[in-house]
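First the structure, in the form of structure tokens, and then the observations on it.
The values are calculated or read from the model by the stated rules, or taken from the named source; none is laboratory data. Since this is a predicted model, take the numbers as computed values, not measurements. Ideal geometry is used to build each Cβ from the backbone, glycine not excepted, and the neighbour counts take in all protein chains shown.
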Amino acid sequence: MSWRSKRVWIELIAGSRKTSNLCWAFILFLGSLGFLLVGISSYLGINLISLFLSQQIIFFPQGLVMSFYGIAGLFFSSYLWCTISWNVGSGYDLFDIKERIVCIFRWGFPGKNRRILLRFLMRDIQSIRIEVKEGIYARHALYMEIRGQGAIPLTRTDENLTPREIEQKAAKLAYFLRVPIEGF
């Protein structure tokens with residue numbers, strides 16, 4: 001989503017609060033909870049889940065391994081839920097022609113460096129670069145080349161834009177910033 005006027009362009013960046021992340025976190029939580037309950041029920045010898053008979057699963061080694069997978073899955077699930085609740089990766093890109101600055105802001109993990117803010121002067125922008133990688137894992141990315149800083153990505157790695165969409169986005173941004181486009 002973006003907002004644009006004659007002097008300011010704001011591009012909102014979605015973070016980890018996506019439907020796919022919510023689905024994976026929920027599935028991982030339920031699956032790992034099931035593994036842990038089956039492992040515990042095989043240890044106790046009682047049926048905590050009615051679908052599996054605990055007498056059929058011996059605690060050592062099957063129940064122990066299932067308990068381990070359940071605990072590991074709960075840790076991964078809690079990590080996913082934390083990134084979703086903190087909305088890691090969200091933020092905005094601000095291009096202000098009036099002030100002649102570019103601000104790139106992202107939310108990170110909690111701590112001293114939770115807020116990631118990069119500011120550049122527009123005169124330091126060398127170009128907008130398009131990177132296209134074809135093959136099994138096709139990837140189209142948009143970068144901003146900054147003098148003395150290198151390339152800064154403007155698109156997410158999981159953003160599935162077609163070559164036409166990435167070219168249109170690059171052309172609009174390059175025209176707005178009055179910089180050339182490079183293609184790879």
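Applying the set (1) free of Cβ contacts under 8 Å to residues at least 24 places away in the same chain; (2) over 18 Å from residue 176 (Cβ atoms); (3) exposed (fewer than 12 other Cβ atoms within 10 Å of the Cβ) to residue 110 leaves exactly one unmet item: (1). Got at least one residue in segment 85-105 being in contact (Cβ under 8 Å) with a residue 24 or more places away in the chain, of a type outside the set (Lys, Arg), farther than 30 Å from residue 182 by Cβ and surrounded by fewer than 17 Cβ atoms within 10 Å (Cβ to Cβ)? Within segment 85-105, one or more residues are in contact (Cβ under 8 Å) with a residue 24 or more places away in the chain, of a type outside the set (Lys, Arg), farther than 30 Å from residue 182 by Cβ and surrounded by fewer than 17 Cβ atoms within 10 Å (Cβ to Cβ). Suppose the filter is modelled with pLDDT of 95 or more, touching a helix residue (DSSP H, G or I) at 6+ places or on another chain (Cβ under 7 Å), farther than 30 Å from residue 146 by Cβ and exposed (fewer than 15 other Cβ atoms within 10 Å of the Cβ); does residue 71 pass it? Spelling it out, residue 71 is indeed modelled with pLDDT of 95 or more, touching a helix residue (DSSP H, G or I) at 6+ places or on another chain (Cβ under 7 Å), farther than 30 Å from residue 146 by Cβ and exposed (fewer than 15 other Cβ atoms within 10 Å of the Cβ).
Is it fair to say residue 123 is among the basic types (Lys, Arg) and more than 25 Å from the chain's Cα centre (by Cα)? In short, yes.
Regarding residue 8, is this residue assigned by TED's automatic domain parsing to the domain that holds residue 153, aliphatic (A, V, I, L, M) and crowded, with 17+ Cβ neighbours inside 10 Å? Considered against the rule, which asks whether it is assigned by TED's automatic domain parsing to the domain that holds residue 153, aliphatic (A, V, I, L, M) and crowded, with 17+ Cβ neighbours inside 10 Å, residue 8 comes out as no.
Residue count for segment 14-46, restricted to those that are crowded, with 18+ Cβ neighbours inside 10 Å, at pLDDT below 95 and in contact with a Phe, Trp or Tyr (Cβ under 6 Å, 6 or more places away or on another chain): 3. Scan segment 155-166 for residues that are of a type in the set (A, V, I, L, M) and in a loop (DSSP other than H, G, I, E, B) and jot them down. Once the filter is applied, which keeps residues that are of a type in the set (A, V, I, L, M) and in a loop (DSSP other than H, G, I, E, B), segment 155-166 yields only 161. In segment 115-154, of all residues being small (Gly, Ala, Ser) and in a strand (DSSP E or B), the one that is farthest from residue 2 (Cα to Cα) corresponds to 150.
When segment 129-179 is filtered for residues that are in contact with a Ser or Thr (Cβ under 6 Å, 6 or more places away or on another chain) and either among the basic types (Lys, Arg) or under 16 Å from residue 102 (Cβ atoms) (or both), the ones remaining, listed by number, are 142, 145, 179.
Applying a threshold of 7 Å to beta carbon distances and a minimum spacing of six or more residues, or different chains, the list of pairs starting in segment 148-176 at a residue that is closer than 13 Å to residue 93 by Cβ and ending at one that is of a type in the set (Ser, Thr, Tyr) and at pLDDT 90 or above reads 152/143; 153/143; 154/143.
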